[in-house]
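Below is one structure, written out as structure tokens; comments come after it.
The values are calculated or read from the model by the stated rules, or taken from the named source; none is laboratory data. Nothing here was measured: the structure is a model prediction, and the numbers come from that model. All Cβ positions, even for glycine, are placed from backbone atoms using ideal geometry, and neighbour counts span all protein chains on display. The area values use the complete protein model at the heavy-atom level, side chains included, leaving out ligands, DNA and RNA. Shrake-Rupley method; radii C 1.70, N 1.55, O 1.52, S 1.80 Å.
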Amino acid sequence: LNQLDKAVEAAHTFFMANPEHMEMQQNIENYRTMAGVEVLPLVDREAKPHLESYSAGVKHYEADDFELAIKYFEQALRDYFNEDMECRALCEGPQRFEEYEYLGYKAGLYEAIADHYMQVLVCQHECVRELATRPGRLSPIENFLPLHFDYLQFAYYRVGEYVKALECAKAYLLLHPDDEDVLDNVDYYESLLDDNIDPASIEAREDLAMFVKRHKLESELIKSAAEGLGFSYTEPNYWIGYGGRQDENRVPSGVNVEGAEVHGLSMGKKSSPKIDRDLREGGPLLYENITFVYNSAQLNGTQRVLLDNVLSEEQCRELHSVASGIMLVGDGYRGKTSPHTPNEKFEGATVLKALKFGYEGRVPLKSARLFYDISEKARKIVESYFMLNSTLYFSYTHMVCRTALSGQQERRTDLSHPIHADNCLLDPEANECWKEPPAYTFRDYSALLYMNDDFEGGEFIFTEMDAKTVTASIKPKCGRMISFSSGGENPHGVKAVTKGQRCAVALWFTLDPLYRELERIQADEVIAILDREQQGKHELSINPKDEL
């Protein structure tokens, strides 16, 4: 209908809930071009006021504009409590019968009334989760409501309002009473108060105190009813303790305001979200000739390593040669020729396919076997370097080539592969990475092993969670391997390939054997059979062709 403003609104609204959907991002860019303007207003029609105010507060806080941060966080809280009232009111609906057959429902009058009101109460109790969840998302923002008070206690401290800082810190402790950092902050704020103010007279913020009191009473009621009416109920952990501010500000005890910066008050942002395992690196590289280039610190991140000479020049040439014989356009992306950008052609192939083609004589079996062997070599290196306590399994193995399409390279502003994380949905606006489907949440480590450098562009880049600030850029070349943990701590992408063809072996690994790559298991069996055949054991009842 040529109503481009409404088209942009609808596309942007969808994209905000589906930040991994690159085609929608391209649509927005196309609408901007069609409208002939540099900038189109982006309106999220599903935006929730309390979430918008919260996000604005975080941005001002990170820019050290504490006055404006306070303004937006306070507005976010007012909006939050209003939204909470509306959410609770909407729970007051007719009884639902999802768990049992309506016509077979035999409860007496009092049981039915109690059942109905318990449904209402559980629904109202869940509003905490509802209000912390962005439109279109499945998972709530961790520790969402307490975070408002965590940000506010420090922002008020930075503008010299110590009473309000103390009120907010005590409010935070209502939900996390054992938080040692905030307990220390409370002691420190109390030491800053005027002599005529009794610290004991400063109580936690009333808005949160009332909220928490009601929340605890509801919890007791639901547990009591569950016991009396015979239904099961487990109280969720609504206030996840490790959802924290994106800095690690902690006011050191006994330090004056002017000296706080000098005495170790950290204003630096966290480089990554929490990873649920011990982080180690620097283990042996296992093979001779491999050259260590950079570690995590040198790559400005967490769980990153760059190595050279993982492949020899001869192996690179052999792999590049076999690639042309086994690659399928759009492999791994349902046959889409250009899944990431319309300006490049994407081709790929799996290990099992390479072995199949090798067995059939369509490519040298030795070359197909090399693809299998070098991917196993990479797996062993990653497992050893990051000093993992358990076995690292293949989750997916893919030889990929990206080819610049001629006539489409002028004034390119897109990426060859947009910024993303490998096991969660990167949401730059919220500064979050959502570990939920359709993300491959079981992936733990990733690696890319490069085969050539005779192309232009195509640099691999790491960014901050904003998907814009580049923290490291790596130029591919034969035998170079970059490996990293797969979570939101390592957003990455590929710059546009503007000339030639860029080829690599992409590897994803998991620590969970449940998610082992099926094709890899089949390939292992084929390799084992081929090895036995070479040893002259022809009496085997299974042959490789059957497996393939």
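Using alpha-carbon positions, what is the distance between the centroids of the range 106-165 and the range 420-470, in Å?
Cα centroid to Cα centroid, the span is 31 Å.
Taking Cα centroids, how far is the range 302-330 from the range 370-414 in Å?
Going from one Cα centre to the other spans 8 Å.
Around Ala204, under 10 Å between beta carbons, what's the net of Lys plus Arg minus Asp minus Glu among the other residues?
So the environment of Ala204 carries a net charge of -2.
Enumerate the calculated ³J(HN,Hα) couplings along the range 145-159 in order (Karplus 6.51 cos²θ - 1.76 cosθ + 1.60, θ = phi - 60°), each rounded to whole Hz, writing x wherever the residue is Gly or Pro.
Couplings: 5, x, 4, 3, 6, 5, 4, 5, 4, 7, 5, 5, 4, 5, 9 Hz.
For a quick check of your reading of the filter: which GluC sites (Glu not before Pro) in the range 345-426 sit in a DSSP loop and have no more than 16 other Cβ atoms within 10 Å?
In loop regions of the range 345-426 (DSSP not H, G, I, E or B), the sparsely surrounded GluC sites (Glu not before Pro) are Glu360, Glu410.
Taking the convex hull of the Cα atoms, report for the chain its projected area averaged over all directions, in nm².
34.8
At a threshold of 8 angstrom on Cα-Cα distance, excluding pairs fewer than six apart, so keeping six or more, what relative contact order does the chain reach in percent?
Relative contact order for the chain comes out at 12 percent.
What dipole magnitude, in Debye to the nearest 20, does the range 42-173 give about its Cα centre under +1 on Lys/Arg Cβ and -1 on Asp/Glu Cβ?
140
I'd like the GluC sites (Glu not before Pro) in the range 138-243 restricted to DSSP loop residues with at most 11 other Cβ atoms within 10 Å, sorted by number.
Those that pass, being in a loop and sparsely packed, are Glu203.
Quick one: putting +1 on the C-beta of Lys and Arg, -1 on the C-beta of Asp and Glu, what dipole do you get for the chain around its Cα centre, in Debye to the nearest 20?
Using only the charged Cβ atoms, the result is roughly 2440 debye.
Are there any trypsin sites (Lys or Arg not before Pro) in the range 397-472 that are in a DSSP loop and have at most 13 other Cβ atoms within 10 Å? List them by number.
Here the trypsin sites (Lys or Arg not before Pro) that fit, given the DSSP loop and packing criteria, are Arg411, Lys468.
If amide hydrogens are placed 1.01 Å from N in the peptide plane, which non-local residues have theirs closer than 5 Å to the one on Ser296?
Under 5 Å from the amide H of Ser296 lie the amide H atoms of Arg304, each far enough along the sequence or on another chain.
With N denoting the number of residues in the range 291-534, provide Rg(C-alpha) divided by 2.2 N^0.38 Å, to two decimal places.
0.98
Distance between the C-alpha centers of the range 1-74 and the range 178-237? Whole Å please.
So the two Cα centres are separated by 35 Å.
Hey, can you grab everything whose amide H is under 5 Å from the amide H of Val497? Only 5+ residues off in sequence or another chain; H modelled, so Pro and N-termini drop out.
Residues meeting the criterion, in which the H sits 1.01 Å from N, are Ser416, Gly458.
Just to check, using Stokes-Einstein with a Kirkwood Rh over alpha carbon pairs, what's the diffusion coefficient of the range 153-227 at 25 °C and 0.890 mPa s in µm²/s?
For the chosen part, D equals 182 µm²/s.
Quick one: with all protein chains in place, what share of the accessible area of the chain is carbon or sulfur, to the nearest percent (1.4 Å probe)?
About 50 percent, which is the carbon plus sulfur part of the accessible surface.
Between beta-carbons, use under 15 Å as the cut-off and find the net charge around Val43, counting Lys and Arg +1, Asp and Glu -1.
Once all neighbours under 15 Å are counted, the net charge is -2.
Under a Cβ-Cβ cut-off of 11 Å, what is the net charge of the residues other than Glu429 that fall near it, where Lys and Arg count +1 and Asp and Glu count -1?
Cβ neighbours under 11 Å give a net charge of -3.
Strictly over 31 Å apart at the Cα level, which of Lys59/Lys495; Lys216/Lys468; Lys48/Lys345; Lys380/Lys495; Lys380/Lys435 would you flag in this model?
Over 31 Å Cα-Cα: Lys216/Lys468; Lys48/Lys345.
Amide H neighbours of Thr441 under 5 Å, counting only residues 5+ apart in sequence or on other chains, H built in-plane at 1.01 Å?
none
Farthest toward the dipole's positive end in the range 291-534, which of Ala421, Thr441, Asn309, given Cβ charges of +1 (Lys, Arg) and -1 (Asp, Glu) about the Cα centre?
The listed residue farthest towards the positive side: Asn309.
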